[in-house]
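The values are calculated or read from the model by the stated rules, or taken from the named source; none is laboratory data. Please read these numbers as outputs of a predicted model, since none were measured by experiment. A quick note on method: Cβ atoms are made from the backbone with ideal geometry, for glycine too, and the neighbour counts reach across all protein chains shown. Please note that ligands, DNA and RNA were not included when accessible areas were found on the heavy atoms of the full protein model with its side chains. Shrake-Rupley method; radii C 1.70, N 1.55, O 1.52, S 1.80 Å.
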Amino acid sequence: MLPFMRELKKLRNMGYCEASLEETECGEVKEKPYRSKMRLKYLSMVQAEKLKSLALARIRVTRVKLWVTRAVSILLLWAIAMQLRSLGEIVSSSRNPKPTLSSPLPPERVYENNGYLMVSSNGGLNQMRSGICDMVTVARFLNVTLIVPELDNTSFWNDYSQFADIFDVEYFISSLRDEVRILKELPPAEKQKVAESVFSMPPISWSNMTYYYHVILPRIQTHQVVHFQKTDARLANNGLPEEVQKLRCRVNYEALRFAPPIQALAEKIVRILREKGPFLVLHLRYEMDMIAFSGCNEGCNEQEIDELTKMRYAYPWWKEKVIDSEKKRLAGLCPLTPEETALTLQALGIDRNIQVYIAAGDIYGGERRLATLRAAYPNLVKKETLLPSSELEPFRNHSNQMAALDYYVAVESDIFVPTNGGNMAKVVEGHRRYLGFKKTILLDRKAVVDLVDLFRAGSISWEEFSLEMKEAHADLMGNPAKRSVIPGKPKEEDYFYTNPEECLARVDDEPQVSDDQQQETDAEAEP
């Protein structure tokens, strides 16, 4: 029964009667027609309102859920982005070191500027590298401002790379700011003066600091800007104050970081090699220009000898033209051939399965001359075989940038073996000493040639050959040693950057007295 009918019965029992209600013949009560229509309309309106409210509520809930979903999604995306960014920074920092210091910059050294020093580096990459270290040191102790060095674009290799193409110039400047002020270019006023005229000179080779204090500094103070035309070997190997020597090391081993593109690719080469195990870097100086320049033609045929001779005569700055190849070889003055190198490495007990990375240009004679070495060490590789051609393309026509890649790999190697005593061999040797006397086999070429000839002639057995080779090189593994000093003959003594012992653990405790300090002591002793 409907609720309103129950209410009607209650009213009737109480004696009430509604005019709006009527009773049917069966005794049922029903509403009058117009009242029924009104009630239905009212109920419809109520129901519509409820449906509307319910729909709005659902819309609001849906919107809240949507916003919550969006917020959670944004938070998740942000978290993922932060993780990727952190990972990217880790990878980037290992592959592309930032040009600025990761730690706070050292405080800038404040000093009265005595003038400006411009320098034009000369030679190949490692000759220029050493010269740059010397020029930074000279600028520091003369209290002058150094302009970022220009690199040699006129050498045999015809490489037009500049400083910023090879080295991280920003890091170079900022990391040395506590020692010397370095600018990328002259200030406008000085630049205008230099455009009109500049005082240029080559400093005297193998000079001590007294020369720079007494000769060079007055010239800088007079002209305000002095340009050095050459930088190679312009500081002595020995007889310099220890603070001078240590700054040379700091520049070479800490401030001269390679430009990010070179650094990243060099690190990739090392990673590829490391993934496969230990590796030996062989600085096999057997490119055509080296063989022509040296006049050493061991193992070459008549056509090759003629080609090499013509090349030597084609370059007027290669002063030595007539060369006795055999005499020079027996004196230990020739680069070792690939065949001699293979026998030497085997005799020294180098593992046949080690990776041998050739740090050099194209080997003269190609695969024909490499066959013996490859047979002895099948894991023979070079950067061109480890990397896609596209990755080397930006560096391919820049010999100094390619040399920088090899330099980095050589420094990082488990064993370094140079076959000729050139600038790269010397500077890498010193760098490896600085990093903890990493194994560097310094081949005695005279001993090697003598032993190889005896073995080939059948005069000694393989066992004798190997034993003699090991004994000849027992003390030539890059271990701590005194740097040889030959007064008056700096070219014949050990190069400073080969064995920078002032920057290494002392071999003995004898005090080191520099020439400048000795001059002061002698002056004080005079009556």
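Please name all residue pairs, on different chains or six or more residues apart, with Cβ atoms under 6 Å, provided the first residue is in segment 394-414 and is free of Cβ contacts under 8 Å to residues at least 40 places away in the same chain and the second residue is open to solvent by 10 Å² or more (accessible area, probe 1.4 Å). Once the first residue is free of Cβ contacts under 8 Å to residues at least 40 places away in the same chain and sits in segment 394-414, its partners that are open to solvent by 10 Å² or more (accessible area, probe 1.4 Å) give V411/H431.
For D159, the conditions (1) in a helix (DSSP H, G or I); (2) surrounded by 21 or more Cβ atoms within 10 Å (Cβ to Cβ); (3) not hydrophobic (A, V, I, L, M, F, W, C) are fulfilled apart from (1).
Being of a type in the set (A, V, I, L, M, F, W, C), surrounded by fewer than 17 Cβ atoms within 10 Å (Cβ to Cβ) and not in a loop (DSSP other than H, G, I, E, B) is a property that holds for I305. Set side by side, the residues K230, K184 differ, and just one is of a type in the set (K, R) and more than 22 Å from E108 (Cα to Cα), which is K230. Scoring Y286 on the criteria (1) open to solvent by less than 40 Å² (accessible area, probe 1.4 Å); (2) more than 14 Å from I363 (Cα to Cα) leaves a single failure, condition (2). For N143, state whether it is at pLDDT 95 or above, open to solvent by 10 Å² or more (accessible area, probe 1.4 Å), touching a helix residue (DSSP H, G or I) at 6+ places or on another chain (Cβ under 6 Å) and part of a loop (DSSP other than H, G, I, E, B). It is false that N143 is at pLDDT 95 or above, open to solvent by 10 Å² or more (accessible area, probe 1.4 Å), touching a helix residue (DSSP H, G or I) at 6+ places or on another chain (Cβ under 6 Å) and part of a loop (DSSP other than H, G, I, E, B). Only one entry of V136, V110, V144, V169 meets the criterion of being under 23 Å from K191 (Cα atoms), of a type in the set (A, V, I, L, M, F, W, C) and without any contact (Cβ under 8 Å) to a residue 60 or more places away in the chain, and that entry is V110.
If you go through segment 254-265 and keep only what is surrounded by fewer than 21 Cβ atoms within 10 Å (Cβ to Cβ), under 17 Å from R396 (Cα atoms) and out of contact with any Asp or Glu (no Cβ under 8 Å at 6 or more places or on another chain), you end up with P261, A264.
Residues of segment 483-522 that are part of a helix (DSSP H, G or I), modelled with pLDDT under 95 and of a type in the set (V, I, T): T521 alone.
Selection of first residues in segment 200-217 that are under 16 Å from S120 (Cα atoms) and of second residues that are open to solvent by 30 Å² or more (accessible area, probe 1.4 Å), restricted to Cβ pairs under 7 Å at least 6 apart or on distinct chains, gives the following pairs, ordered by first then second residue: S200/H227; S200/Q229; M201/Q229; P202/Q229; P202/K230; I204/Y211. Being open to solvent by less than 20 Å² (accessible area, probe 1.4 Å) and more than 18 Å from V136 (Cβ to Cβ) holds for only one residue in V226, V270, and it is V270.
May I ask you to verify whether Y357 is of a type in the set (F, W, Y), open to solvent by less than 30 Å² (accessible area, probe 1.4 Å) and in contact with a Lys or Arg (Cβ under 7 Å, 6 or more places away or on another chain)?
yes
Suppose we keep only residues that are part of a loop (DSSP other than H, G, I, E, B) and open to solvent by less than 30 Å² (accessible area, probe 1.4 Å) within segment 169-192. Which one would you say is nearest to L117 (Cα to Cα)? Filtering first and then ranking leaves L186. Answer yes or no as to whether M311 is free of Cβ contacts under 8 Å to residues at least 40 places away in the same chain, assigned to a helix (DSSP H, G or I) and either open to solvent by less than 20 Å² (accessible area, probe 1.4 Å) or not basic (K, R) (or both). Yes: the conditions hold for M311.
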